[in-house]
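Please read the structure below before turning to the comments.
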Amino acid sequence: MVRGQTIVIPVECHYKRKQRVHGEPIAPTWVPMTSTIGAFDLLHFSLSIMTKSCTSHRSSSVYQQGEAGFLEARVEVPLHPSLTLYVDSCVATLKPDLLSRPRYKFISNHGCMMDSLLPDSSSRFLLRDQANRLCFSFKMFNFNQTSPEQMFISCHLRATLKQKSPSRHNKACFFHKPKFRWRSIEGDSALCECCNTDCSGLAGVKNHGHPETDETFEARRTAGPLHVVHQAYWTGELSVS
């Protein structure tokens, strides 16, 4: 057996990464889905006229004065964690321009159904069956009491991640006349206490007083025209669908 000299062969290994192997945990470099949505406008907000109790789309836009109209606000986006939709504010106008006059703001204060305070009003938020969908009723009226007219409903919509709990900034409240108090359709009704004053100074504050940092998505949508017929001009049946 022939024995040769010992040979040393150096071996050097390289990892296909720029970070050091030993050190702090590597932060992810992917772009969050919420940022992708904001960049490519993948969210789809809608405001639709519905039949009674928001069971289906309404084929007619004609209402009698005093009749309850139902509207559905919805947000949809493909391949995204579930979102919860809120109706921040709504205004009724004679033109599609929400800043036109005359105008009647019936939802304000970040989700307070102010029209529900009126003695003969049936306006309210309906209980949810889907987080990304919120329905409400609104009592139809005329700005001009002497002739029929058309009306547009413009709403500011807000969507948040579904797992986040309701707050005084993201809520749906109406005045419950039998108990003579504001009521939330979800969560603690104490969230609605600011409806009697001003909730704008509480924007971004949770019911426990901690600041909210959740990313939200917002949009304005308009439904109409709705044709509201004064009782003196009404020739059809009360329920038109």
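The values are calculated or read from the model by the stated rules, or taken from the named source; none is laboratory data. This is a predicted model, so every value here is computed, not measured. Virtual Cβ from ideal backbone geometry, glycine too; neighbours counted across all protein chains shown. Accessible surface is based on the protein model in full, side chains and every heavy atom, while ligands, DNA and RNA are left aside. Shrake-Rupley method; radii C 1.70, N 1.55, O 1.52, S 1.80 Å.
I'd like the full set of residues that are without any contact (Cβ under 8 Å) to a residue 24 or more places away in the chain and open to solvent by less than 60 Å² (accessible area, probe 1.4 Å), limited to the stretch 120-164.
SER121
In the stretch 95-119, which residue that is of a type in the set (D, E, K, R) and surrounded by fewer than 20 Cβ atoms within 10 Å (Cβ to Cβ) is nearest to LEU191 (Cα to Cα)?
LYS105
For the stretch 165-196, give me each residue that is open to solvent by 70 Å² or more (accessible area, probe 1.4 Å) and either touching a Leu at 6+ places or on another chain (Cβ under 8 Å) or farther than 30 Å from LEU94 by Cβ (or both).
Result: PRO178, LYS179, PHE180, ARG181, ARG183, ASP188, GLU193.
Taking only the stretch 88-115 into account, find how many residues are among the hydrophobic types (A, V, I, L, M, F, W, C), within 19 Å of SER200 (Cα to Cα) and part of a strand (DSSP E or B).
Within the stretch 88-115, residues that are among the hydrophobic types (A, V, I, L, M, F, W, C), within 19 Å of SER200 (Cα to Cα) and part of a strand (DSSP E or B) number 6.
Quick check on SER154: is it touching a Phe, Trp or Tyr at 6+ places or on another chain (Cβ under 6 Å), among the polar types (S, T, N, Q) and outside any loop (DSSP other than H, G, I, E, B)?
Against the criterion (touching a Phe, Trp or Tyr at 6+ places or on another chain (Cβ under 6 Å), among the polar types (S, T, N, Q) and outside any loop (DSSP other than H, G, I, E, B)), SER154 does not qualify.
Would you please name the residue that is nearest to LEU42 (Cα to Cα), looking only at residues in the stretch 57-90 that are touching a Cys at 6+ places or on another chain (Cβ under 8 Å) and not polar (S, T, N, Q)?
The selected residue is ALA73.
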